[in-house]
Amino acid sequence: MAIEQQIDGLLRHVGLRVDHGLTPLSAALVVLAGVGALTAATFVLRLTQLFADVYVLPGQSVSKFGANKKDFSKATWAVVTGATDGIGREFALQLAKKGFNILLVSRSPEKLGAVAAEIEAATPGVRTKTQAIDFALGDERQYEGLQHTVKDLNIGALINNVGKSHNMPVNFAETAEDEMEDIIEINVVSILRVSRMIIPGMVARKRGLVLNLGSFAGQVTTPMLATYAGSKAFLSAWSQALGEELRRSNITVSLLNTYFVVSNMSKVRKASAMIPTPKQYVAQALKSIGRNGGAVGRPYTSTPWPMHAIVDWATSTILPRGWLLNYTYGQQVAIRKRAIRKAEKLAKST
Ligand SMILES: NC(=O)c1ccc[n+]([C@@H]2O[C@H](COP(=O)([O-])OP(=O)(O)OC[C@H]3O[C@@H](n4cnc5c(N)ncnc54)[C@H](OP(=O)(O)O)[C@@H]3O)[C@@H](O)[C@H]2O)c1
């Protein structure tokens, strides 16, 4: 059968009759052009949405969650885990400035005291509490201590920030077992347990904000950081389920999909357009509450930092997954080699 007849048959089969003087071939071209135009329009629409979210549209106001910077005695509390360094410390400082009282949760009592003092000096009137807990231990007594501290607090925001990655990229088969277990205790179990303690109160009060610190490693999937990547992919799925359940109780849930930020964990010291400081990153995240940013079309997920947003959009829209896995694997092999060289140099010099 000639190609034109085959196309004609196909068009008629899907219900497109060719009765307007068009040959089957040109009718097929019209259909293809329509599909192409639709695809291009979706592409442009999504890109426009990304830029509008990142640069133009305002996020939800924190007053919706009970922040009150005029009178802290009427303000709700924000609970921040992993609050003594990096992104968590910035969330604590900036949420206080926006009118929340702050409960800082982290491992070391000395660092918790220092950050609480810093917050009180920077934001007169704010109330702070601290709770030392080492999430890696999964210790019941420590969780009970936290439960005791939160039980009478009117909590308006929960920032599930605490997280641990691998010391350096490593094949899963060679991952130290204690490192693997710590990552799951800290990145998965602690988030579930702390959220289970705090969210029922939010549901009862019909008000709340839950921000979960996700990672591109969970979105793109990073070989040689397999356990960390898996833990962040868990957070991504969990956040979406939670978001859908809790929106019915007027609670906003968002997974913050994060690429590199200057911090101890990332081991990046110098900020750039691609790698913000924690201060820059948190300011942008708090400006964009409830907006997708670069996570266009992914509910309850936000990629707030502009350059991260573009990378997120490109990796989830354009780049093939297999190519990305191969590229990321090569990147991690190079990072591991550098980390080993650095460790060897350090060992020689001491
Ligand atoms: N930085 C990045 O490039 C990046 C990228 C993607 C996602 N993220 C995510 O962002 C979050 C924060 O990362 P970060 O870079 O800000 O980390 P960071 O600078 O290393 O700070 C980690 C914080 O967590 C606390 N912490 C660590 N282990 C703990 C434990 N076992 N129990 C209780 N607290 C513990 C630390 O307390 P101590 O002071 O006691 O150590 C510190 O306050 C993590 O969930 C991470 O996965 C970061």
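Bear in mind these aren't lab numbers, they're just calculated from the coordinates by the rules spelled out. Nothing here was measured: the structure is a model prediction, and the numbers come from that model. Note that each Cβ is placed from the backbone with ideal geometry, even for glycine, and that neighbours are counted across all protein chains shown.
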Among Ser266, Ser26, Ser316, which one shows the biggest mean-square fluctuation in a GNM of the chain, springs joining Cα atoms closer than 10 Å?
Ser26
Segment 205-293 - Debye-derived log10 I(q)/I(0), Cα point model, q = 0.13, 0.15, 0.17, 0.26 Å⁻¹:
-0.49, -0.64, -0.79, -1.29
Relative to the longest principal Cα axis of the chain, at what angle does helix 24-51 sit, 0 to 90 degrees, rounded to 10?
20
Note down the nm distance, to one decimal, between modelled labels 7 Å out along Cα→Cβ at Leu324 and at Arg338.
2.2
Can you give the calculated 222 nm mean residue ellipticity of the chain, where each DSSP H run of n ≥ 4 adds -39,500 (n - 2.57) and the sum is split over every residue, rounded to the nearest 500 deg cm²/dmol?
-16000 deg cm²/dmol
Principal-axis tilt of helix 86-97 within the chain, Cα atoms, nearest 10 degrees:
80
Calculate how steeply helix 190-205 sits against the longest principal axis of the alpha-carbon atoms of the chain, using the helix alpha-carbon long axis, and give the answer as 0 to 90 degrees to the nearest 10.
90
With N residues in segment 143-182, Rg(alpha-carbon) / (2.2 N^0.38 Å) equals 1.84
Let me know the number of lysine pairs in segment 163-294 closer than 27 Å at the Cα, not counting same-chain pairs under 8 apart.
15
GNM result for the chain, Cα springs below 10 Å: residue of Ile335, Ile186, Ile133 fluctuating most strongly:
Ile335
Quick P(r) readout (segment 37-164; Cα-Cα; 10 Å bins; whole %) gives 13, 36, 26, 13, 9, 3, 0
In Å³ and rounded to a whole number, note down the convex hull volume per residue for the Cα atoms of segment 179-335.
114
Treating the beta-carbon of each Lys and Arg as +1 and of each Asp and Glu as -1, no other charges, what is the dipole magnitude of the chain about its Cα centre, to the nearest 20 debye?
1040
Please list the radius of gyration and Dmax for the chain, considering alpha-carbon atoms only, with Å as the unit.
24.4, 85
Extension gain Ala122-Lys64, at 0.36 nm per residue separation less the Cα-Cα distance, in nm?
18.6 nm
Considering only DSSP beta bridges whose two residues both sit in the chain, what percent are antiparallel, to the nearest 5?
5
I need to check one value: relative contact order of the chain, counting alpha carbon pairs closer than 8 Å and at least 6 residues apart, in percent.
15
Averaged over every viewing direction, what's the projected area of the C-alpha convex hull for segment 294-350? Give it in nm², one decimal, please.
5.8
Calculate the FRET efficiency for Tyr55 and Ala176 from the Cβ-Cβ distance with a Förster distance of 35 Å, rounded to the nearest 0.05.
0.20
